[in-house]
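FYI, it's all coordinate maths here, none of it is from the lab. Since the structure is predicted, the reported quantities are computational estimates derived from the model, not experimental observations. Methodologically, a virtual Cβ is constructed for each residue, glycine included, from the backbone with ideal geometry; neighbour enumeration extends over all protein chains shown.
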Amino acid sequence: MTDFIYELKQVHKKFVKGQESVEIFDGLDLGIKRGDFVSIMGPSGSGKTTLLNMLGGVDRPSSGALLFDGNPINDLNEGQLAKWRADHIGFIFQFYNLMPMLTAEKNVELPLLLKKLSPKKRKENVATALELVGLGERAKHRPNELSGGQQQRVAIARAIVSDPDVLLCDEPTGDLDRSTATDILENLQLLNKEFNKTIIMVTHDPVAAAYANTSLHLDKGVFVEKDVAA
Amino acid sequence: MNDFYLIRKNLTRNKLRMSLNLFAIFIAFFLFGALGSIKNAFDAGVDLAAADRLVVVNSISFTQTLPVAYANKIKSIEGVRKVTWANWFGGYYQDPKQMAMTFIVDPESYLDVYSELQLTDNEKNRWFNNRQGVVVGEQLAKNYGWEKGDRIPISSNIFSLHEGGHTWDVVIDGIFKGETEGVDTSYMLMHHKYFFETQAYPGEWLGWLTVTTADPELNETISRAIDQQFANSSAETETTTEAAFNKAFIEQVGDIGQIITLVVLAAFFSILMIVGNSMMLSVRERVKEIAVLKTLGFPSARVFIMVLAESLLLACVGGLLGSVFAEVMIGGLTQVPAITRIFPNLVITAETWMTAVFLMLLLGCLTGFFPALRALKLKTIDALSKG
């Protein structure tokens, strides 16, 4: 097995807007090690979110190779990609994106609808995930009954409940105050250190980026800097 | 939790919208059931018409009479098996508002031709030998609480007695049932001898004849032969099948079937637009949630089915509520004598129920298809990048 969970080789990504074609990545190369906690920083329009989307299989490179565990994922069709995401990836969004009509526990249970688990096992997994983010007592609450920080922790629980290899976080603390953001980042750090989850986090916030082991700085589709924690 | 739980939660998230949609569908299916049963009541005569029965009327109008001698002349035409005849009496019981539909008939031949009217041999014999006797349909007897042996006054709004007055005293010799459930039993049959002996107009006549043929395939030939026989006479005839005669009779009121079909179609078309638009709006409001489902790994086809199922659930719940309410209401109406006198066969048939279920599924599919297609084709990345 390769050391890299992700490898990007000569990845090009082009957007066509009307008559205009915008090249986001022009031959990007990148390797992300299993169990790493990577932050990706950069100005708006630098390609951070596009990169995250490609890593999550919700967007595709225009050309080049995107390997996961040594296997190319850019050749998979929509259905295969959906299954791959369900098996390997957990998503955490800036605005939580919880289902407003479902309670916290039902939101967390959502990814498990894609797994063949008994109801009992499912319930156990949901309870564990909620306990892990410190929301065991809020299981029956709807999103509109929870604070922003609590909603984000529900989103983290939803991301980890199916035990994915990778957590992809898009500005996970962008909508939160500093103290709540610290809680969330500590949660992510715990998941990385204790449960060996590979975490890739896009952020504008240098304080958030400091929680990562590796910080990548992206500008106009090119990595201009790489910091690795000692 | 399962997919159905999600579908249910999505459907009930905006309770006001769901209630209004349900109400609209409820009304459409209630109308379908209720008007369908009225159409069935009108059509019952056509549906129950025997294939081998012809009806002979005066070619000017069926309100014009024919000579009694026509019965024997028709009987001698090749292919004719049985002949009977009847007159319209226009009866009511005690009050002109209390209609009691009555035909003046020749008892033996009438029961021979209309074999679906069930009487015991004892009842038949009593009636055949009692000129003052009548046999009453089960439904009519139930409406007025009549029983066998009762002596009742029956009045006519057309004919008079030669001694004056419009009311005939008759005795109920039997109460007939239908051979099958749909057979009309909301009328009575009066002995022609009693009527002609006592009524004020001179002579005897008949209103129409019913003829059974040896083979339904001969219907056309025999119809032609009957009409030819009386061509250029003072009372020319027009012969049609019983089904065609019943249909023409009903259509004097108007093409009930078409009127009802148009009303129901208009209701369904409106509902289709309302619910379709509402479902489209509902999906548009949650594109981001659909995108999140897809991001979590829900295949597009599964999301398509979930949105479609939402519409189907809405259509089926609203449709079933409307149909059940129609069934209950029609059931209640059949207990009201004033209604059953007008619509003796008021019932929501199994066929109407099956059509209703088919329409629920069709409505669900039509209103859900485009929103589901939108969900299917939704580009996750575009939806997630919005807001």
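Data table
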quantity: Chain A - mean residue ellipticity at 222 nm from DSSP helices (-39,500 (n - 2.57) per run, n ≥ 4, rounded to 500); calculated: -9500 deg cm²/dmol
quantity: Other-chain or far-sequence residues with amide H under 5 Å of A:GLY31's (modelled H); calculated: A:LEU8
quantity: Furthest towards positive pole of dipole, B:MET190, B:SER115, A:GLY31, structure part the protein assembly as shown, Cβ charges; calculated: A:GLY31
quantity: Approximate spin-label separation B:LEU281-B:ASN14, in nm, with each point projected 7 Å along Cα-to-Cβ; calculated: 0.5
quantity: For region B:175-252 versus region B:367-384, the gap between their alpha-carbon centres in whole angstrom; calculated: 63
quantity: Between 0 and 90°, nearest 10: helix A:178-195 axis offset from chain A longest Cα axis; calculated: 80
quantity: Cut-off 10 Å between beta-carbons: net charge of the residues surrounding B:THR241, Lys and Arg +1, Asp and Glu -1; calculated: -1
quantity: Cα-centre dipole for chain B with unit charges at Cβ (Lys and Arg positive, Asp and Glu negative), debye to 20; calculated: 2800
quantity: Point-charge dipole on Cβ atoms (K/R +1, D/E -1) for the protein assembly as shown, about Cα centre, debye to 20; calculated: 2040
quantity: Per-residue average of Cβ from other chains inside 10 Å of A:57-63; calculated: 2
quantity: Gap separating the Cα centres of region A:161-230 and region A:33-49, nearest whole Å; calculated: 8
quantity: Mean residue ellipticity (222 nm) of chain B, computed from DSSP H runs ≥ 4 via -39,500 (n - 2.57), nearest 500; calculated: -17500 deg cm²/dmol
quantity: Using alpha-carbon coordinates, inclination of helix A:148-160 to the longest axis of chain A, degrees; calculated: 80
quantity: Span from the region B:55-103 Cα centroid across to the region B:272-337 one, whole angstrom; calculated: 53
quantity: Under 15 Å, Cβ to Cβ, from A:SER44 - net charge with Lys/Arg +1 and Asp/Glu -1; calculated: -2
quantity: Exposed-site-free run, longest, chain B (rule: GluC sites (Glu not before Pro); DSSP loop; at most 11 other C-beta within 10 Å); calculated: B:182-387
quantity: Of the DSSP H helices in chain B, those whose Cα atoms cover at least 27 Å axially and whose Kyte score averages -0.5 or more; calculated: B:15-47, B:256-285, B:300-333, B:350-377
quantity: Amide H within-cut-off set for B:TRP168, under 5 Å, with H built and near neighbours excluded; calculated: B:ILE154, B:SER155, B:SER156
quantity: Unit charges on C-beta of K, R, D, E only; dipole of region B:65-234, Debye; calculated: 320
quantity: Rounded tilt (10° steps) of A:119-132 against the dominant C-alpha axis of chain A; calculated: 80
quantity: Charge tally in the Cβ shell below 15 Å around A:GLU7, where Lys, Arg are +1 and Asp, Glu are -1, A:GLU7 excluded; calculated: -3
